[in-house]
1. Can you find even one residue in segment 162-172 that is open to solvent by less than 20 Å² (accessible area, probe 1.4 Å) and touching a Leu at 6+ places or on another chain (Cβ under 8 Å)?
2. Cβ contacts < 7 Å: first residue hydroxyl-bearing (Ser, Thr, Tyr), restricted to segment 1-14; second residue not in a helix (DSSP H, G or I), any location; separation 6+ or different chain. Result?
3. Give the number of residues within segment 88-106 that are under 14 Å from residue 48 (Cβ atoms), open to solvent by less than 50 Å² (accessible area, probe 1.4 Å) and out of contact with any helix residue (DSSP H, G or I) (no Cβ under 7 Å at 6 or more places or on another chain).
4. Of the residues 87, 49, 121, 134, which single one is among the basic types (Lys, Arg) and under 25 Å from residue 6 (Cβ atoms)?
5. Collect the residues in segment 31-72 that are crowded, with 17+ Cβ neighbours inside 10 Å and of a type in the set (Lys, Arg), keeping them in residue-number order.
6. In this structure, does residue 109 turn out to be in a helix (DSSP H, G or I), in contact with an Asp or Glu (Cβ under 9 Å, 6 or more places away or on another chain) and surrounded by fewer than 20 Cβ atoms within 10 Å (Cβ to Cβ)?
7. If a residue must be more than 11 Å from the chain's Cα centre (by Cα) and small (Gly, Ala, Ser), how many such residues does segment 44-89 contain?
8. Filter segment 1-30 for residues that are open to solvent by less than 60 Å² (accessible area, probe 1.4 Å) and part of a loop (DSSP other than H, G, I, E, B) and give the result.
Amino acid sequence: GVAYEGAGMGLALLDVVQPRPQRLATFIAGPGHAFEPLLFIGAGMALPRPRVNPLRLIGGYESDNRWLILDGYGFYYGFFDPHRTLRRQNRPRHISGYPARVFDRGLGRSLWFTTAADPHRIAAVINTFPAHRRGDLWAGVALGCAYAAGVLEPGTIAEMVELAAPYQADLAVGVAAAADFRYRAARRADGRARAC
């Protein structure tokens, strides 16, 4: 999966620099089809450095998965600019409405990795956010958890579910997305069933 995120980053950057032909779209329509969600996430991770508005890129695609560009965009900011996005809780100015919710899911996914999958650290960060943003953050955490679930102790997942008490439906959304990503790509993870 990480390799396809990287491919999405590279192809999106090439498309930004030389817009024709559309390399990312061509790859998604061909050999990358099974990894479409991860390719879109990777594309979003490539956009902050050249300062490309992700909404511009999303407009070029019809797939519902195109919104995952914003997840990758949020992941990038959570991972590489946590002071601004996780501590000060700022989003880029041009992100609002539904795109802001998907951006927050990417922020949540970044938390999964930057906290070393520690449920208490994750909850401590999420609980500083306004209540209306917490569900999307937990959904992102759950996507990261379920996608990489093979590395977890069973108690870690149970702790996370307990700490996310009012947002368990959001956790389920993230887990379902991760399961779908793996199903599409015919990739199994030993811990996926446990996480689900």
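1. Looking only at segment 162-172, we keep the residues that are open to solvent by less than 20 Å² (accessible area, probe 1.4 Å), and these are 164, 171.
From the residues that got through so far, the ones that are touching a Leu at 6+ places or on another chain (Cβ under 8 Å) too are 164.
Yes.
2. 4/32
3. The number of residues fulfilling the criteria is 1.
4. 49
5. Matches in segment 31-72: 66 only.
6. no
7. Number satisfying all stated conditions: 4.
8. Residues satisfying the conditions are 1, 30.
The values are calculated or read from the model by the stated rules, or taken from the named source; none is laboratory data. This is a predicted model, so every value here is computed, not measured. Virtual Cβ from ideal backbone geometry, glycine too; neighbours counted across all protein chains shown. With ligands, DNA and RNA removed, areas are computed over all heavy atoms of the protein, side chains included. Shrake-Rupley method; radii C 1.70, N 1.55, O 1.52, S 1.80 Å.
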